[in-house]
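Notes for the one structure printed next.
The values are calculated or read from the model by the stated rules, or taken from the named source; none is laboratory data. These numbers come from a predicted model, not from an experiment. We place every Cβ from the backbone using ideal geometry, glycine too, and count neighbours over all the protein chains shown.
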Amino acid sequence: DAGITQSPRHKVTETGTPVTLRCHQTENHRYMYWYRQDPGHGLRLIHYSYGVKDTDKGEVSDGYSVSRSKTEDFLLTLESATSSQTSVYFCAISERGLFAAYEQYFGPGTRLTVT
Amino acid sequence: DQQVKQNSPSLSVQEGRISILNCDYTNSMFDYFLWYKKYPAEGPTFLISISSIKDKNEDGRFTVFLNKSAKHLSLHIVPSQPGDSAVYFCAARGLTRGGADGLTFGKGTHLIIQP
């Protein structure tokens, strides 16, 4: 158990409304990531963070913003939700060990439906 | 353009036999490869990984082989068990800012273990 929680776990919202998803970790890991999973696409990286207030864009960042004001929390915001953002969102964490392990550990996911 | 490809959407294997899942990649800058297992309504679970400087890594029933010249890797599961039925994702590590590890995922292969 990597100590990752995501909230909410399920959300239905209307087109044009803002939505914020929260990822919380208890292990003090430096690196955090947001991915989305869609049928036929696998998982795709949205944004990532390499420290408090240090974030950058991933492969599919358009329409999303992130913030990390504390080590343990990484927030994903859809400023104005669209139906194309209906997806399952996963948060992940990773940390550098002595041997530079690159494994990422995932949270349980948030299923978001935009109507 | 898909940089990590899993060309078999599904694979059916008899219990006790070997399962072989395949993955191809196009980006020669990838330096680390991972396999994840995913059950419905759960986050992906890390299974096994391999550095690009190795050609084989083994962990119990799971072995990953890497053929760098062919840009191909495979996951072998021996013997296959009913609990192995899941979707398997191949992922590759690329360079991102701040030492973070953006993973590029394939679309997944649904492995079904038949009794």
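Quick notes on this structure:
- Among the residues of segment A:61-107, the ones that are within 11 Å of another protein chain (Cβ to nearest Cβ), in contact with a Lys or Arg (Cβ under 7 Å, 6 or more places away or on another chain) and modelled with pLDDT of 95 or more come to 2 in all.
- Elements of type strands (runs of 3 or more DSSP E) in chain B, at least 1 residues being closer than 19 Å to A:Gly40 by Cβ and within 14 Å of chain A (Cβ to nearest Cβ): B:10-14, B:19-25, B:32-38, B:86-95, B:101-105, B:109-114
- Residue count, segment B:32-69 (criterion: within 20 Å of A:Ile93 (Cβ to Cβ) and of a type outside the set (A, V, I, L, M, F, W, C)): 10
- Selection from segment A:64-87 of residues that are part of a loop (DSSP other than H, G, I, E, B) and over 24 Å from A:Thr26 (Cβ atoms): A:Glu79, A:Ser80, A:Ala81, A:Thr82, A:Thr86
- Of everything in segment A:13-38 that is under 21 Å from B:Thr104 (Cα atoms) and more than 9 Å from chain B (Cβ to nearest Cβ), the residue that is surrounded by the fewest Cβ atoms within 10 Å (Cβ to Cβ) is A:Asp38.
- A:Asp54 fulfils the conditions (1) of a type in the set (D, E, K, R); (2) within 11 Å of chain B (Cβ to nearest Cβ); (3) crowded, with 18+ Cβ neighbours inside 10 Å except for a single criterion, (3).
- Residue pairs whose Cβ atoms lie under 9 Å apart, separated by 6 or more positions or on different chains, with the first residue in segment B:61-89 and under 16 Å from B:Ser28 (Cα atoms) and the second β-branched (Val, Ile, Thr) and not in a loop (DSSP other than H, G, I, E, B), are B:Leu66/B:Ile50; B:Leu73/B:Ile50; B:Leu73/B:Val64.
- For the criterion of being free of Cβ contacts under 8 Å to residues at least 60 places away in the same chain and hydroxyl-bearing (Ser, Thr, Tyr), A:Tyr64 passes.
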